[in-house]
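To keep things clear, I will list the structure first and then write my remarks on it.
The values are calculated or read from the model by the stated rules, or taken from the named source; none is laboratory data. Note that the structure is predicted; figures quoted are calculated from it, not measured. Please note: Cβ atoms are built from the backbone with ideal geometry, for glycine as well, and neighbour counts cover all protein chains shown. The area values use the complete protein model at the heavy-atom level, side chains included, leaving out ligands, DNA and RNA. Shrake-Rupley method; radii C 1.70, N 1.55, O 1.52, S 1.80 Å.
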Amino acid sequence: MERSFISELTEKDNNKKVLVKGWVSEIRSLGKVQFIVLRDKTDSIQCVAHKDEIKEDIFNKISKIPIESVIEIEGKIKTSKQAKKGFEISIHDLNVLSESLTPLPIDTSEKSKTMIDKRLDYRFLDLRRPHISAIFKVRSKVFNFISNYFESKNFVSINTPKITAGGVESGAEQFAIDYFGKEAFLAQSPQVYKQMFVLSGLERVYEIGEVFRAEKSHTTRHLTEFTGIDFEMGFIKDENDVMDIIDELMKYVLKEVKEKCRPELELLNVKIDVPKKIPRITLDEARKLLEKKGKKIPEKEDPDPEAEKLLGEIVKEKYDSDFVFVTLYPVEKRPFYHMKPKNNPKVTQSFDLLYKGVEISTGAQREHRYEVLKQQAKEKGIDLDKMGFYADIFKYGSCPHGGAGLGFDRIIQRMLNLENVREAILLPRDPERLTP
Ligand code: ATP
Ligand code: MG
């Protein structure tokens, strides 16, 4: 007999013979009847054994099966008013494929209150809980929706090196590695390569890949290895074209999640709000809005996480949007390659995107004119010509372009209202964690 997945079974299958396989969630023995709650990757089902209906040795072994053992059950679908699904499986035969050790290192029941550190130590057992595995089913779908969106807009997917000789950002956040006796760095962003391949003539490129940051941050939004969604596009009018893409991308992704992840959203008790249009406010306007609520941001500083959180709340109230673009960041706070508008050399044509009060993206129009770029680099104490191939890419025909980087893990965290970004990634890396 072929295996059925639990979610495929329905009341209409009454009396049908089935074979199901999975993990044991629960066992209850009530004298002449015993219940097993069996779980597979799709759902759970109650299975029942009646003493006078099955072989004695099978009946007797049920109460001895440890929770989380892997078993297979042959039986018949029976409608039942008491069962949660309106039907259950009446057991005819049962086979233990692998007995679990006891006690379990972490509680795998949905009621579990295990601390996150312990849960991450045993992440594969943590995922035995349906509301945890639901996060990763949604994440997998979102990964696809994002690729679909970029492909539909004629972006070309690229994979760029993660072992590099250095990037365009300051070196402080790079992990140095020993590369056959030479110093190399793990890529802290694909920035140089994205620009390179726009200027290669591909014009529109995107990459969903690992990004490494050697920041010793112990926050609920920082990892040392995360998944970045990077894109870059040529022949833009200005940074608004880049924001248009993100606006459309987020709306598309959320709409798809809402439609195609219903069971997971239900398990996670999450409601998805698709914004109409993401509002765009300048950093100055954001400062004023914050000041009205009693939060003053010093002239020379960016909004801190607390201010970003408050701004998220203000925007939700004012524009009914979970998202907001904050634009025109000052030159001092942005890398040298961000373009400056003609009428205001103090700011950059850049933006941050906040989702429920946390930054999920930074983007900008890039300076594509070699001489101007060289000058801007100089103003920050950088010699463009010492940056090797980065300088070269602007010398042989360079079009106006811009792009952004989004944090995939943070998007999932914000979307599913998870407390910590570590909940949104299978195996987080942070300053304290290198295993499993
Ligand atoms: P933050 O100010 O929050 O540290 P950042 O401005 O340094 O972030 P960017 O260089 O703008 O980050 O990176 C682009 C995006 O990548 C960010 O908007 C964020 O969504 C994500 N990101 C950046 N750093 C991390 C990190 N350490 N862990 C997880 N996601 C990150
Ligand atoms: Mg940023």
**OP:** Scan the range 284-315 for residues that are of a type outside the set (G, A, S), in contact (Cβ under 8 Å) with a residue 40 or more places away in the chain and touching a Lys or Arg at 6+ places or on another chain (Cβ under 9 Å) and jot them down.
**Re:** P305, K309, L310, L311, E313
Original post:
Does the range 115-123 contain any residue that is acidic (D, E), modelled with pLDDT of 95 or more and open to solvent by less than 50 Å² (accessible area, probe 1.4 Å)?
Top reply: no
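For every residue, the table says whether it meets (1) assigned to a loop (DSSP other than H, G, I, E, B); (2) open to solvent by less than 20 Å² (accessible area, probe 1.4 Å); (3) farther than 18 Å from H131 by Cα.
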| site | (1), (2), (3) |
| --- | --- |
| I77 | no, yes, yes |
| K81 | yes, no, yes |
| E88 | no, no, yes |
| N95 | no, no, yes |
| L104 | yes, no, yes |
| K111 | yes, no, no |
Original post:
Any residue in the range 375-382 that is open to solvent by less than 10 Å² (accessible area, probe 1.4 Å), away from ligand 1 (no atom under 16 Å from the Cβ), farther than 19 Å from Y206 by Cβ and in contact (Cβ under 8 Å) with a residue 40 or more places away in the chain?
Top reply: yes
**OP:** Just give me the residues in the range 5-30 being out of contact with any Asp or Glu (no Cβ under 9 Å at 6 or more places or on another chain), in a strand (DSSP E or B), in contact (Cβ under 8 Å) with a residue 40 or more places away in the chain and open to solvent by 60 Å² or more (accessible area, probe 1.4 Å), in sequence order.
**Re:** E26
Subject >> Breaking point among (1) buried (at least 17 other Cβ atoms within 10 Å of the Cβ); (2) outside any loop (DSSP other than H, G, I, E, B); (3) in contact (Cβ under 8 Å) with a residue 24 or more places away in the chain, for I54 >> reply: (2)
Original post:
Counting only residues that are in contact with a helix residue (DSSP H, G or I) (Cβ under 6 Å, 6 or more places away or on another chain) and charged (D, E, K, R), which one in the range 231-259 is most open to solvent (accessible area, probe 1.4 Å)?
Top reply: E256
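Report yes if F323 is within 16 Å of ligand 1 (Cβ to nearest atom) and under 17 Å from R414 (Cβ atoms), otherwise no.
On the way: within 16 Å of ligand 1 (Cβ to nearest atom): yes; under 17 Å from R414 (Cβ atoms): yes.
Considered against the rule, which asks whether it is within 16 Å of ligand 1 (Cβ to nearest atom) and under 17 Å from R414 (Cβ atoms), F323 comes out as yes.
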Subject >> Every residue from the range 134-180 that is of a type in the set (S, T, N, Q) and surrounded by 15 or more Cβ atoms within 10 Å (Cβ to Cβ) >> reply: S147, T160, T164, Q174
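Quick grid of which residues meet (1) within 15 Å of H92 (Cα to Cα); (2) at pLDDT 95 or above:
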{"position": "L9", "(1), (2)": "no, yes"}
{"position": "N15", "(1), (2)": "yes, yes"}
{"position": "V24", "(1), (2)": "no, yes"}
{"position": "G31", "(1), (2)": "no, no"}
Subject >> Selection count where residues are open to solvent by less than 80 Å² (accessible area, probe 1.4 Å) and either under 16 Å from R128 (Cα atoms) or touching a residue at least 60 places away in the same chain (Cβ under 8 Å) (or both), scope the range 37-51 >> reply: 8
Subject >> 2 or more residues farther than 22 Å from L418 by Cα and touching a Lys or Arg at 6+ places or on another chain (Cβ under 8 Å): qualifying strands (runs of 3 or more DSSP E) within the range 150-265 >> reply: 204-212, 225-234
**OP:** Please find, among T327, T348, T362, the residue that is free of Cβ contacts under 8 Å to residues at least 40 places away in the same chain, within 16 Å of ligand 2 (Cβ to nearest atom), within 28 Å of S170 (Cβ to Cβ) and surrounded by 13 or more Cβ atoms within 10 Å (Cβ to Cβ).
**Re:** T348
Subject >> Criterion violated by E419 - all others in (1) touching a residue at least 40 places away in the same chain (Cβ under 8 Å); (2) within 21 Å of E169 (Cβ to Cβ); (3) more than 10 Å from ligand 1 (Cβ to nearest atom) satisfied >> reply: (2)
Subject >> Unmet criterion (only one of (1) within 16 Å of ligand 1 (Cβ to nearest atom); (2) free of Cβ contacts under 8 Å to residues at least 60 places away in the same chain) for L427 >> reply: (2)
**OP:** Would you confirm whether any residue within the range 181-189 is loosely packed, with under 14 Cβ neighbours inside 10 Å and either in contact with a Cys (Cβ under 6 Å, 6 or more places away or on another chain) or in contact (Cβ under 8 Å) with a residue 12 or more places away in the chain (or both)?
**Re:** no
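Looking at S140, S157, which one is under 13 Å from I412 (Cα atoms), hydroxyl-bearing (S, T, Y) and out of contact with any Pro (no Cβ under 7 Å at 6 or more places or on another chain)?
When all the criteria are applied, what remains is S140.
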